[in-house]
Amino acid sequence: MEQKEMIRIRNLNKSYGDLHVLKDIDMKVLDSDVVCLIGPSGSGKSTLLRCLNYLEKKDSGQILIEGTEVKPGTHDINEIRAKVGMVFQHFHLFPHMTVLENVIEAPTHVKKVPKAQAIEEAKALLAKVGLSDKADVYPSKLSGGQKQRVAIARALAMKPDILLFDEPTSALDPELVGEVLTTMKELALEGMTMVVVTHEMSFARDVGDWIVFMHDGRVVESGPPKDFFTNPKEERTKEFLQTTIF
Amino acid sequence: MPSFSHFFDTLFSSSDVFIRAMLLTLELTVVSIIVGIVIGLLFALLKISNIKILAWISDAYVFLVRGTPLIVQIFILYFGISNLFLLPDFWAASLALAFHNGAYISEILRGTIQSIDKGQMEAGRSLGMSNSLTLRRIILPQAFRRALPPLGNQFIIGLKDSSLAAFISMNELFNVATTLGSNNFDEMTYLLIVAVYYLILVAFLTIVVNLFEKKLSISDR
C-alpha cells in the first residue's frame, strides 16, 4: 500500500545572521514512519525540527504538511501546530498546573472540548504513559522521566497527526531514559508518525524506519536503519558512527 | 514627650475619627493598587511588545513618573483632572496614586514576565495555543506569582504614599493626625497615634500578601 506523505521538505534554507544552519534540505516523512534525525551537535537537526512546527521561520524553500504548504496569512499556524505536536528536551511543562491540568489545557482552550470529556481523555492518556497516579500532582514533584512522559501525554491530547521529538532523553538521568524510550516505542507501534532528533543510536536502529544523518547544515546521508548502520556510504557518516556508542 | 497614660487616653478617645480615616486610607490604597495593577500590566505588555512605538510610550510613562515627585504628580492630576472633568476628590487622589504606582508595578511585571523561560511560550504555541492565550493562561499566572514579593513591597510603599492625599484635603490618616494635633496643640501625640494606625495597616497588608504567596506557591511543594 502506498503510504501518504505527511511531511515534504524541498530546498529548505535557514540562517542566523551569517551562520547558514540549514542548507538545501530535502526530506520526506511518510505516514506511520519514525524518522530519526541524527548527527553531531550544531549540525542543524533541532533547527530543522523547529522549522517543521514554525517555531523557527525558514528563509527559503518549501515545507508541505500533509500535502499543503503553510503560509502565514493564508493558513492559521495554530491549526497546523495542533496537528503537529512537539516534545521538548527540557519538557516545558506548565509548573503552575497539575499534571491533569497540563494535559487538558490545550484541548479545552483551543479545541473547546468539554471539560469532562477532556479529563476523561487525559486520564486515558496518563494511563497509557503509566502515570495514572500522578494526575493531581504538580510537575515539580515528578522525576525527569515522568515529566517527559507527561509532556508526551500533553502533546497527544491534541490528537496530532505527527509528533516531533527534540532530543527527548538528553536532559534525563541515564536510568530514566528507558521509560521514555519505551513510551515512544509504543507510540511508534501504534502507527504514530514521528520525527525524532536523538543521540540514542539503539533507538534509531531498532525503532526508526528511516535515518537522516545531518552534518554542518546538510543532509549527508539517509536510508533505512539496516543499510545506514551496517553499510554507510559517506565517509562523514562512517566517522560519526565510529565515535558513537550504541 | 507625652506620658504613656496621656498617649493611650488620646488613642482611645480619638479612635472613632482615626478608624474612619483609616478606612479612607485603606480605600485609597486598595483602589490605587488595583487600578495601578491594571495600568502596570498594560504598560508592561506595551514595553515587551514587538512594536517599537508602543515600547517607547511605555518608556516615556515610566520616565515621567519616576522622574518627578509624587506630590507634584498629585497636584498636577488633581488640579488638571478637576479642571477637565468634575471628578470627586477621592477619585482624583486615587487615580493620581494609581498612575504613580502603575509605573513601578509595570517595571516589576515587565521583569517577571521576561524572566519566564521562553520554553513556556514555545510549549503553549506548539500545542496550538495563540500568542495571547498562552500569555494569559501560561505566562502571566507564573509572572504574577514571581512578582508577588516585589509587588507586596510596592503595595506597602503605596499605602504610605497615600498620606500625600492629605495635601488635596482628603481626610485620610495623616490629614486627621495633623489637624487634630494642631487643634489640640499636641502634635507629637497624634503623630505617634497615626504611626500606630499605619503599622496596623502595613501588618494587615503583609499578612494578605503572605497568604497569597503561600496559596500560589502550592505547586512548588
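The values are calculated or read from the model by the stated rules, or taken from the named source; none is laboratory data. Keep in mind that this is a model prediction, so the values were computed, not measured. FYI the Cβ positions are ideal-geometry reconstructions off the backbone, even for glycines, and counts take in every protein chain you see.
When residue A:63 is tested against (1) free of Cβ contacts under 8 Å to residues at least 60 places away in the same chain; (2) within 14 Å of another protein chain (Cβ to nearest Cβ), just one condition goes unmet, and that condition is (2). Please verify whether segment B:137-151 includes one or more residues that are away from every other protein chain (no Cβ under 14 Å), outside any loop (DSSP other than H, G, I, E, B) and either of a type in the set (A, V, I, L, M, F, W, C) or crowded, with 18+ Cβ neighbours inside 10 Å (or both). Yes; the residues of segment B:137-151 include at least one that is away from every other protein chain (no Cβ under 14 Å), outside any loop (DSSP other than H, G, I, E, B) and either of a type in the set (A, V, I, L, M, F, W, C) or crowded, with 18+ Cβ neighbours inside 10 Å (or both). Identify all residues within segment A:74-114 that are aliphatic (A, V, I, L, M) and either part of a helix (DSSP H, G or I) or at the interface with another protein chain (Cβ under 7 Å from one of its Cβ atoms) (or both); write none if there are none. Across segment A:74-114, the qualifying residues are A:77, A:80, A:82, A:86, A:99, A:100, A:103, A:104, A:106, A:110. Among the residues of segment A:115-141, the one identified as β-branched (Val, Ile, Thr), closer than 15 Å to residue A:156 by Cα and either within 14 Å of chain B (Cβ to nearest Cβ) or not in a loop (DSSP other than H, G, I, E, B) (or both) is A:119. Consider segment B:183-221 and keep the residues that are within 17 Å of residue B:13 (Cβ to Cβ), surrounded by 11 or more Cβ atoms within 10 Å (Cβ to Cβ) and hydrophobic (A, V, I, L, M, F, W, C). The one that is farthest from the other protein chains (Cβ to nearest Cβ) is B:188. Checking each residue of segment B:123-133 against the condition of being away from every other protein chain (no Cβ under 14 Å) and closer than 30 Å to residue B:61 by Cα gives no match. Taking segment B:119-147 as the range and being more than 20 Å from residue A:163 (Cα to Cα) and out of contact with any helix residue (DSSP H, G or I) (no Cβ under 9 Å at 6 or more places or on another chain) as the test, the residues that pass are B:132, B:136. Within segment A:148-159, if we keep just the residues that are farther than 12 Å from residue A:126 by Cβ and in contact with a helix residue (DSSP H, G or I) (Cβ under 6 Å, 6 or more places away or on another chain), the residue that is surrounded by the most Cβ atoms within 10 Å (Cβ to Cβ) turns out to be A:148. Of the residues examined, residue A:2 is not one that is over 16 Å from the mean Cα position of the chain (by Cα), under 24 Å from residue B:123 (Cα atoms) and without any contact (Cβ under 8 Å) to a residue 12 or more places away in the chain.
Taken over segment A:73-94, residues that are modelled with pLDDT under 95 and farther than 21 Å from residue A:196 by Cα amount to 7. If you check B:79, B:99 for being crowded, with 19+ Cβ neighbours inside 10 Å and either under 25 Å from residue B:173 (Cβ atoms) or touching a helix residue (DSSP H, G or I) at 6+ places or on another chain (Cβ under 7 Å) (or both), only one passes: B:99.
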